[in-house]
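Read the figures in this text as sums done on the coordinates, not as results from a lab. From a predicted model like this one, the values you see are computed outputs, not experimental measurements. Cβ placement follows ideal geometry from the backbone for every residue including glycine, while neighbour counts extend to all protein chains displayed.
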Amino acid sequence: MNLATAGEEPGQNRVSTRGFLADVLAGLAADPKTLPPKYFYDTAGSELFDAICEQEEYYPTCTEISILRTHANDMAKAIGADAMVVEYGAGSMEKIRILLDALVTPVAFVPVDISEAHLIASARELSRFYPSLAVQQVVADFTKPVHLPAPPRPVSRCVALFFGSTIGNFDPDPTVAILRSIGDTVGPEGGLLIGVDLQKDEDRLVRAYDDAAGITADFNLNLLTRINRELGGDFVLERFRHLVRYDRDLGRIEMHLESLVDQSVGVAGRAFNFFAGETIHTENSYKYTLASFDDLATRAGFRCDQYWTDGEGLFAELFYIRTP
Ligand SMILES: C[S@@+](CC[C@H](N)C(=O)[O-])C[C@H]1O[C@@H](n2cnc3c(N)ncnc32)[C@H](O)[C@@H]1O
């Protein structure tokens, strides 16, 4: 288990303005233009994501919740008593409550997230419902190694949770790298319970990422608002639109921001030209088969212990054990 040593501050991988600026300048100078999806999640972005989860078209949230509700006891049995559970990309911490109600004497819950204010508020809210549970939040970018806080009492095992198909936001090689890093954090015989979105018909996928109420569009465009506010950008939001496409060959949903006109946009004194129809690629969401995801997890040093899926085969929850 990868524990923070004395004096080391858990959460040293916070997003810095310098890092954000460097990534934005590099991404807008690239061809095609691209921005990393982790920057969606300022406080407004986290709230917009919560609103996406309530849209009728966005099946991943309600489907994963139904799998968790149906199989929480089996999952708790697989995890075992006296575990330290670490949730990567914990967001609003709604799903963890289902599992916490089934877990036997968990030692601590460690939510890890990049969205600092939202993480702190959600951890505080969770503690109101579980006053005797140690909730030890860590503000961190999980694409880098995460150091865990010292638990309040001995731990039988460390288990990572990774809900919401957040892992689908990464290309295959970075996915293996993140899973391997999680494996280093939980240590040999540590566990990983991970939610994976499965391949399905294209219309359903596109609708999930382009809801009729326009919430996902607002979520995508909020990235430009954040650049304007934090990096002195001058994006005019009305000159961009949310665009969703499915790449069948790669099995992934893509989100873009499409420029509606020829224009030049300034960020921190640098000018970036857009032609009408040019896009900034802001997010991927890979859709897997059980076998194609298992291939990546195996490469990262995990073996599948068991998995659960819904009746329609939309989504899967897989429990892995880190091989020694
Ligand atoms: C798709 S949302 C899922 C939220 C929640 N787990 C769920 O299932 O509804 C992704 C979450 O991961 C967080 N996140 C995204 N990229 C991250 C990164 N690189 N490091 C840490 N947290 C990240 C976001 O702030 C957000 O809370």
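If you plug each phi of the stretch 221-226 into the Karplus form 6.51 cos²θ - 1.76 cosθ + 1.60 with θ = phi - 60°, what whole-Hz ³J(HN,Hα) values come out, in order, with x for Gly and Pro?
Residue by residue, the stretch 221-226 yields 5, 4, 4, 5, 4, 5 Hz.
Just to be sure I understand: if I project the alpha-carbon convex hull of the stretch 44-158 onto a plane and average over all orientations, what area do I get in nm²? Walk me through the numbers on the way to the answer.
Values: hull surface 29.7 nm².
Reported value for the Cα convex hull: 7.4 nm².
What distance in nm lies between label points placed 7 Å from Cα along the C-beta direction at residue 200 and residue 213?
In this crude label model, residue 200 to residue 213 measures out at 1.8 nm.
Nearest 5 percent is fine: what portion of the DSSP beta bridges confined to the stretch 71-147 is antiparallel? Please report the intermediate quantities before stating the final value.
Working: 0 of 9 bridges.
Bridges in the stretch 71-147 that DSSP calls antiparallel: roughly 0 percent.
Counting other C-beta atoms within 10 Å, which of 223, 237, 21 has the fewest, and how do the rest follow?
237, 21, 223
Roughly what % antiparallel, to the nearest 5, for the DSSP beta bridges in the chain?
Of the beta bridges lying entirely in the chain, close to 60 percent run antiparallel.
Give me the distance in nm between label points sitting 7 Å out from Cα along the Cα-to-Cβ direction at residue 312 and residue 17, one decimal.
4.5 nm
Assign one of three labels to the chain, namely rounded, prolate or oblate, based on the Cα gyration tensor with a ≥ b ≥ c the square roots of its eigenvalues; rounded applies when a/c is under 1.5, prolate when it is not and a/b is larger than b/c, and oblate otherwise.
In terms of gyration-tensor shape, prolate.
Would you please give the FRET efficiency between residue 258 and residue 43, computed as 1/(1 + (r/R0)^6) with r the Cβ-Cβ distance and R0 = 35 Å, to the nearest 0.05?
It comes to 0.85.
Per DSSP helix of 4 or more residues, -39500 (n - 2.57); summed, then divided by the residues of the chain. What does that give at 222 nm, rounded to the nearest 500?
Roughly -11000 deg cm²/dmol at 222 nm, from the helical runs in the chain.
If neighbour count is taken as other Cβ atoms inside 10 Å, put 107, 85, 159 in order from fewest to most.
The fewest-first ordering by Cβ neighbours comes to 107, 85, 159.
Per residue of the stretch 83-93, in order, report the coupling 6.51 cos²θ - 1.76 cosθ + 1.60 (Karplus, θ = phi - 60°) as ³J(HN,Hα) in whole Hz, putting x for Gly and Pro.
For the stretch 83-93, the Karplus curve yields 8, 9, 10, 10, 9, 7, x, 5, x, 7, 6 Hz.
For the stretch 130-213, just say rounded, prolate or oblate: build the C-alpha gyration tensor, square-root its eigenvalues into a ≥ b ≥ c, call rounded for a/c under 1.5, and beyond that prolate if a/b exceeds b/c, oblate if not.
prolate
Among 61, 279, what is the fewest-to-most ranking by other Cβ atoms within 10 Å?
279, 61
I want to verify a result. In a Gaussian network model of the chain, Cα cutoff 10 Å, which of these has the top mean-square fluctuation: 140, 160, 117?
The residue that fluctuates most here is 117.
Tilt of helix 116-129 relative to the longest C-alpha principal axis of the chain, in degrees (0 to 90, nearest 10)?
It works out to around 40 degrees.
Suppose R0 equals 22 Å. What FRET efficiency, 1/(1 + (r/R0)^6) with r the Cβ-Cβ distance, do residue 30 and residue 229 give to the nearest 0.05?
Taking R0 as 22 Å, the efficiency between residue 30 and residue 229 is 0.45.
What shape does the stretch 280-324 take by its C-alpha gyration tensor, where a ≥ b ≥ c are the square roots of the eigenvalues and a/c under 1.5 counts as rounded, a/b above b/c as prolate, and the rest as oblate?
Because a/c hits 1.5 or more and a/b fails to exceed b/c, the stretch 280-324 counts as oblate.
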